[in-house]
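Q: Below is a structure I'd like to ask you about.
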Amino acid sequence: MGDKRTLHSVMAPSGLQRRDLEARKRILASTLKLLKKEGYANLTIGEVATDAKVGKATLYRSWPGKAELVLDAVRTRLKDVPVDETGDSTEEILAVARQALADFFCSPEVQVILPALIADTARNPELRERLREDIIEPRRARARTVLERAIERGDLPDGTDIPMLLEMWAGAMMFRSVFYGGAFDEDAIERMVTATMSSPPRLPDA
């Protein structure tokens with residue numbers, strides 16, 4: 001019994017840890033709420049601290065600056081890009097298109113945030129670089145794993161231009177999200193993937 005109690009006490013979060021986790025949730029929620037309302041340029045650490053009912057020092061312990069805080073908040077709304085191998089390339093690629101892109105671009109919350117965030121990256125190279133390195137590139141790498149697997153199976157042709165393929169998908173979904181506030185439903189996603197499988201973009205030397 002003594003060993004079990006000791007193990008539980010080590011694994012269970014302390015009161016301080018629980019308060020830190022609760023404060024973190026409030027901070028990230030406040031960041032998203034204020035980002036929708038004001039955009040990145042007008043958002044301040046002080047406003048987030050006030051809305052989340054914490055001191056500014058609490059924010060700076062976890063986030064060096066505003067860019068890191070905003071990107072961390074956006075990341076909480078992202079689902080992982082699925083890379084599980086099922087043996088069915090179409091099924092795997094559909095999962096990537098659905099969970100990695102459609103669920104993100106077409107969520108009501110992101111549809112509000114995205115235009116302001118894109119506009120702010122044009123004025124803020126640091127934000128653009130961090131958005132690309134911290135969020136976009138890791139997700140593209142996972143999606144690439146699935147598409148390369150389809151090439152190895154012969155379900156996509158050699159020379160498929162994977163970066164262009166992913167950019168075409170993201171561009172179509174973002175366009176609909178930003179300008180029409182609409183979603184790619186299951187039928188649209190399936191038609192997009194079917195078109196990709198039958199005629200993917202090719203590299204120049206393919």
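Q: Quick one: if the Förster radius is 22 Å, what FRET efficiency do ARG202 and THR145 give, using the C-beta to C-beta distance and rounding to 0.05?
A: 0.65
Q: Tabulate in residue order the Karplus-calculated ³J(HN,Hα) for segment 69-83, using 6.51 cos²θ - 1.76 cosθ + 1.60 with θ = phi - 60°, rounded to whole Hz; enter x for Gly and Pro.
A: Once θ is set to phi - 60°, the couplings for segment 69-83 become 5, 5, 5, 5, 5, 4, 4, 5, 9, 9, 8, 5, 6, x, 10 Hz.
Q: Could you compute the FRET efficiency for ARG61 and GLU152, with r as their C-beta to C-beta distance and R0 at 41 Å, rounded to 0.05?
A: That gives a FRET efficiency of 0.35.
Q: To continue, here is another question. State in Å² the accessible area per residue of the chain; use a 1.4 Å probe, count heavy atoms of protein chains only, and round to the nearest integer.
A: Accessible area per residue, the chain: 58 Å².
Q: Roughly speaking, what is the stretch gain from ASP161 to GLU38, that is 0.36 nm per residue apart minus the C-alpha to C-alpha distance, in nm to one decimal?
A: 40.5 nm
Q: Under the rule that an exposed site lies in a DSSP loop and has at most 13 other Cβ atoms within 10 Å, name the longest stretch of the chain with no trypsin sites (Lys or Arg not before Pro) of that kind, not counting the sites themselves.
A: Between the exposed loop sites, the longest stretch runs 80-206.
Q: May I ask you to give the percent of accessible area on the chain that is carbon plus sulfur, with a probe radius of 1.4 Å?
A: On the chain, the fraction of accessible area on carbon and sulfur atoms equals 54 percent.
Q: When the Karplus curve 6.51 cos²θ - 1.76 cosθ + 1.60 is applied with θ = phi - 60°, which whole-Hz ³J(HN,Hα) does each residue of segment 21-35 get, with x for Gly and Pro?
A: For segment 21-35, the Karplus curve yields 5, 5, 5, 4, 4, 5, 5, 5, 5, 5, 4, 5, 4, 6, 5 Hz.
Q: Once the Cβ-Cβ distance between GLU137 and ALA172 is put in as r, and R0 is 22 Å, what FRET efficiency do you end up with, to the nearest 0.05?
A: With a Förster radius of 22 Å, E is 0.65.
Q: With a ≥ b ≥ c the root eigenvalues of the C-alpha gyration tensor of segment 134-206, is it rounded (a/c under 1.5), prolate (a/b larger than b/c) or oblate?
A: It is prolate, given that a/c is not under 1.5 and a/b is the larger ratio.
Q: Give me, ordered by chain and number, the residues 5 or more places off ASN124 or on other chains with an amide H under 5 Å from its own placed amide H.
A: none
Q: Report relative contact order for the chain in percent, whole number only (criteria: Cα-Cα under 8 Å, sequence separation at least 6).
A: About 21 percent, as a whole number.
Q: From the phi angles alone, apply the Karplus equation (6.51, -1.76, 1.60; θ = phi - 60°) to segment 194-203 and give each ³J(HN,Hα) in whole Hz, x where the residue is Gly or Pro.
A: Taking θ as phi minus 60°, the curve returns 4, 4, 5, 5, 7, 8, x, x, 10, 5 Hz for segment 194-203.
Q: Does anyone have the angle between helix 2-11 and the longest principal axis of the chain? Alpha-carbon axes, 0 to 90°, nearest 10?
A: Roughly 70 degrees, rounded to the nearest 10.
Q: Taking amide H positions as placed in the peptide plane 1.01 Å from N, state which residues far from ARG202 in sequence (5 or more) or on other chains have amide H under 5 Å from it.
A: Long-range HN contacts for ARG202: ASP161.
Q: Which of the three applies to segment 57-158, rounded, prolate or oblate, going by the alpha-carbon gyration tensor with a ≥ b ≥ c and a/c under 1.5 meaning rounded?
A: Prolate is the answer for segment 57-158, as a/c is 1.5 or above and a/b outweighs b/c.
The values are calculated or read from the model by the stated rules, or taken from the named source; none is laboratory data. Keep in mind that what you see is a predicted model, and the values were worked out from it rather than measured. So basically every Cβ, Gly included, is an ideal-geometry build from the backbone, and we count neighbours across all protein chains shown. Quick note on the areas: whole protein, heavy atoms, side chains included, nothing else; ligands and nucleic acids left out. Shrake-Rupley method; radii C 1.70, N 1.55, O 1.52, S 1.80 Å.
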